[in-house]
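To start, the structure under review is shown below, and the notes come after it.
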Amino acid sequence: MLKTQRIGVLPSDSVALLWAAMVDASSLIPAAVIRNLSDKLYEKRKNAALE
């Protein structure tokens, strides 16, 4: 089982709202595009946390 660590500055309510918006948008945007954007955002947050 993989352990994940949340890196970010958004409160949990904002994360839930963002996730809900992404679920609604997923019917219009291909899954590969959403995954690619999520990966890029994750890398930005990770790099910012390491600085």
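Rule-based calculations on the coordinates, nothing more; no lab input. Only a predicted model underlies this, so the values are computations on that prediction, with no experimental measurement involved. We place every Cβ from the backbone using ideal geometry, glycine too, and count neighbours over all the protein chains shown.
Observations on the structure shown:
- Spin-label model distance (nm) - N47 vs S27, 7 Å beyond Cα toward Cβ: 3.5
- Footprinting exposure proxy for I34, I29 (fewest neighbouring C-beta atoms within 10 Å first): I29, I34
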